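Heads up: the structure comes next, in C-alpha cells.
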Amino acid sequence: MKSKRAKPPAKRKPNGAQGAPLTELHGIGKTFDSGVIALRDISFSIRRGEFLSLLGASGCGKTSLLRIVAGLLAPDTGDIAWQEGNRPRETGFVFQEPALMPWASIGANIRLPLQLLGIDGRTAELRTRDALSQVGLEKFADSRPHELSGGMRMRASLARALIVKPKLLLMDEPFAALDEISRFKLNDELLALWQKLGCTIVFVTHSVFEAAYLSTRTLVMSSRPGTIVEEVRFLPATERFDPQYRTSASFAARARKLSQALERAQ
Amino acid sequence: MKKRDLLAPFIAIAILITAWETAVRYFALAPQVLPAPSLILQTLIADARLLFGSLLVTLRITFAALFIATATGVLLAILFSASRFAERALFPIAVILQVTPIIAIAPLLLIYLEPANAVLACAALVAFFPILSNTALGFASADRQLRDLFSLYDAGPLKTLLYLRFPTALPYFLGGLRIAGGLALIGAIVGEIAAGSAGAGSGLAWRIIEAGHRVNIPRMYAALVLIVLAGVVIFALLSWLQHIALRRWHASAITAE
C-alpha cells in the first residue's frame with residue numbers, strides 16, 4: 001500500500017481484454033523473512049469486468065499475491081497502481097476459510113465492513129438485507145456461524161465481501177474446503193452474481209476445473225519462486241450459462257488447455 | 001448431564017463424612033485429636049458470629065484483590081498487544097513475580113506496607129498472572145484472516161481492539177479469571193498467616209492460628225471448612241459467569257448436534 005504509482009493507469013485496450021486496467025502490477029517480488037522467495041517479477045493488469053483466475057499448486061505464492069493486490073502486504077520490489085478509489089472501500093475479499101466472527105450473528109458479520117467504514121443506520125440495514133438475499137441467507141440473519149453448514153458460512157463470507165459493493169472482488173480459494181456438490185452450486189451462483197453486479201473478480205484456485213469453469217482469463221503460476229508462466233484467455237462465452245456446460249466438449253477442452261499449461265509450469 | 005452425574009460428587013462427599021463420623025465415634029477419638037464432622041458443625045453454629053465475620057473479611061480481601069488483578073492484568077495485556085517492545089520488556093518481570101513463592105514475598109510486603117494492604121497485595125500478586133498471561137494470549141489469537149479484513153477496511157487499533165481483540169480474548173480471559181479467583185483466596189490466606197497477629201487479626205486464616213494457639217481444634221476445622229466452601233463458591237460463581245458469557249457461541253459451551 002506504500003508503493004502507489006503516481007502515473008495514471010494507461011487507457012490502452014489490449015487484445016481480447018474486457019476493459020481498461022483496474023489495477024496494474026509491475027515487477028512484483030516478495031521474499032519472506034525465512035528467505036523463501038515467494039514471488040518473483042510478476043507483472044499483469046486486472047481489467048475491468050473480467051473474471052481472472054490465478055491458477056497454481058499450493059505454496060506458489062497465490063495468496064501472497066492476492067494480499068498484495070488488496071494492499072494488505074507490501075511487496076519488496078515492483079509497484080502496484082490502483083485505479084483511484086477502488087481501495088479500500090470498493091474492494092471485497094473472500095478468504096480461504098469463512099473467517100466469520102463466532103460471537104456475532106450472521107447479520108452482524110456481514111455488516112462488519114460497513115461498521116468499520118463508519119456506515120450505519122438505515123443504509124447499513126438495507127445493504128445488509130440486500131447482501132443476505134444475494135446469497136440466499138435472508139432467513140439466517142440472526143443465526144450464529146456455528147449453526148450454519150460450511151457452504152452457508154462461505155455464502156455469508158461472500159455476502160460480507162459484497163456489502164461494500166466492490167468494484168474488485170478478491171477470492172482466495174474460497175470453495176476449496178467444500179464438498180463438490182456445494183462447490184458446483186456456489187460456482188454457478190458466483191457466475192450469476194458476477195454477471196449481475198458487473199464487478200471484476202480475481203479468483204485464486206488450485207483447481208484446473210474451477211479455473212476453466214469460471215474465468216475469462218487465467219494466469220498459470222509456477223512454484224518457488226512464484227512466477228506467472230502462462231496466460232490462457234477464454235472468450236467470454238454465453239454457453240457458460242448453459243446447464244450442460246460442465247459436461248460439454250468446450251469445457252473439457254479448456255480444462256485440458258489449463259492442465260497442460262500447469263504441467264509446463266512445474 | 002444426567003441426574004446421577006450431578007449427584008455423584010455430593011454422594012461421594014456424604015460417604016466420606018459419614019465414614020469420618022463413624023471412625024471418630026468408633027475409636028472414641030478426642031476432639032483435640034480429630035473432631036467429628038457433627039462437632040465441627042456445632043462449633044460452626046456456636047461461633048457463627050465470629051467465624052462468619054472473619055469470612056466476610058477474607059472474602060472482601062479476595063474480591064478486592066481479584067478486582068485489582070483483573071484491572072492491572074487486562075490493562076497490561078492491552079499494552080502488550082499494542083507494543084511488542086513493552087511485552088518483551090515487562091513479561092519476564094511478570095514471570096519473575098509469578099515464580100517467586102508468595103509466602104517468601106509476604107514478610108517483605110509486611111515491612112513496606114500496612115498489614116491490611118500487604119495482605120491485599122499478596123492476594124492480588126498471585127491472582128494477577130493467570131489473568132495477564134491468558135488475556136495477552138487471547139489478544140494475540142485474533143484470526144489472521146479477520147485481521148486482514150479489519151486492515152482492508154482501514155479499522156484503526158481502537159476498532160480492532162474493540163470489535164476483534166476483545167471478543168476473541170473473552171474466553172481466554174474468563175478461563176484466567178476462574179483460576180485467579182481461587183488463587184486470590186489462597187493469596188489472601190497466605191497473607192493473613194504471614195501477617196499473623198500483626199494484621200488486623202480478623203480474617204479466617206487468623207482464626208485458624210488463634211484457635212491453634214488455644215488448642216481449639218474444632219474451631220480450626222470450622223474455619224477451614226469455611227475457607228473451602230468460599231473457594232468452591234468462588235469457583236462455581238466464575239464458572240457460571242463463563243458459561244453465561246460464552247454459551248451462545250463458544251466451542252466450550254456448544255453441544256454437538
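The values are calculated or read from the model by the stated rules, or taken from the named source; none is laboratory data. Quantities reported herein were computed from a predicted structural model and do not represent experimental measurements. Counting neighbours? That spans all protein chains shown, and the Cβs are built from the backbone with ideal geometry, glycine included.
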Select from segment A:114-147 the residues that are in contact (Cβ under 8 Å) with a residue 40 or more places away in the chain, of a type in the set (A, V, I, L, M) and within 14 Å of chain B (Cβ to nearest Cβ) and write down the one among them that is surrounded by the most Cβ atoms within 10 Å (Cβ to Cβ). A:L114
In the set B:A71, B:A127, B:A116, which member is modelled with pLDDT under 90 and of a type outside the set (F, W, Y)? B:A116
Return the residues of segment A:38-78 that are acidic (D, E) and under 14 Å from the mean Cα position of the chain (by Cα); say none if nothing qualifies. A:E50
Report yes if A:T205 is in contact with a Ser or Thr (Cβ under 7 Å, 6 or more places away or on another chain) and under 27 Å from A:W82 (Cβ atoms), otherwise no. yes
Within segment A:32-94, which strands (runs of 3 or more DSSP E) (wholly inside it) include 1 or more residues that are touching a residue at least 60 places away in the same chain (Cβ under 8 Å), of a type in the set (A, V, I, L, M, F, W, C) and more than 14 Å from chain B (Cβ to nearest Cβ)? A:37-47, A:51-55, A:77-82
Please give the number of the condition B:A251 fails out of (1) surrounded by fewer than 16 Cβ atoms within 10 Å (Cβ to Cβ); (2) aliphatic (A, V, I, L, M); (3) under 17 Å from the mean Cα position of the chain (by Cα). (3)
Checklist (1) within 14 Å of chain B (Cβ to nearest Cβ); (2) in contact with a Phe, Trp or Tyr (Cβ under 7 Å, 6 or more places away or on another chain); (3) crowded, with 19+ Cβ neighbours inside 10 Å applied to A:I201, failing item: (1)
Give the residue that is farthest from the chain's Cα centre (by Cα), with candidates limited to residues of segment B:19-39 that are in a loop (DSSP other than H, G, I, E, B) and surrounded by 11 or more Cβ atoms within 10 Å (Cβ to Cβ). B:L29
Filtered residue count, segment A:43-65, keeping only those that are closer than 18 Å to A:D76 by Cβ and surrounded by fewer than 24 Cβ atoms within 10 Å (Cβ to Cβ): 4
Tell me yes or no: at least one residue of segment A:75-84 is under 30 Å from B:R248 (Cα atoms) and of a type in the set (D, E). no
Using the structure shown, decide if B:L76 is exposed (fewer than 15 other Cβ atoms within 10 Å of the Cβ), in a helix (DSSP H, G or I) and more than 16 Å from the chain's Cα centre (by Cα). no
Can you name the residue in segment A:96-113 that is facing another protein chain (nearest Cβ under 9 Å) and among the small types (G, A, S) and, of all such residues, is surrounded by the fewest Cβ atoms within 10 Å (Cβ to Cβ)? A:A104
Can you tell me which residues in segment B:209-234 are among the β-branched types (V, I, T), more than 24 Å from B:I179 (Cβ to Cβ) and in a helix (DSSP H, G or I)? B:I209, B:I217
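Residues are listed down the side, and each one gets a yes or a no for (1) within 30 Å of A:A161 (Cα to Cα); (2) over 22 Å from the mean Cα position of the chain (by Cα):
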| position | (1), (2) |
| --- | --- |
| B:L125 | no, no |
| B:L132 | no, no |
| B:A140 | yes, yes |
| B:L146 | yes, yes |
| B:L164 | yes, yes |
| B:T168 | yes, yes |
| B:P171 | yes, no |
| B:L177 | no, no |
| B:A184 | no, no |
Pick from segment B:125-177 the residues that are surrounded by fewer than 22 Cβ atoms within 10 Å (Cβ to Cβ) and in a loop (DSSP other than H, G, I, E, B): which of them is nearest to the other protein chains (Cβ to nearest Cβ)? B:Y153
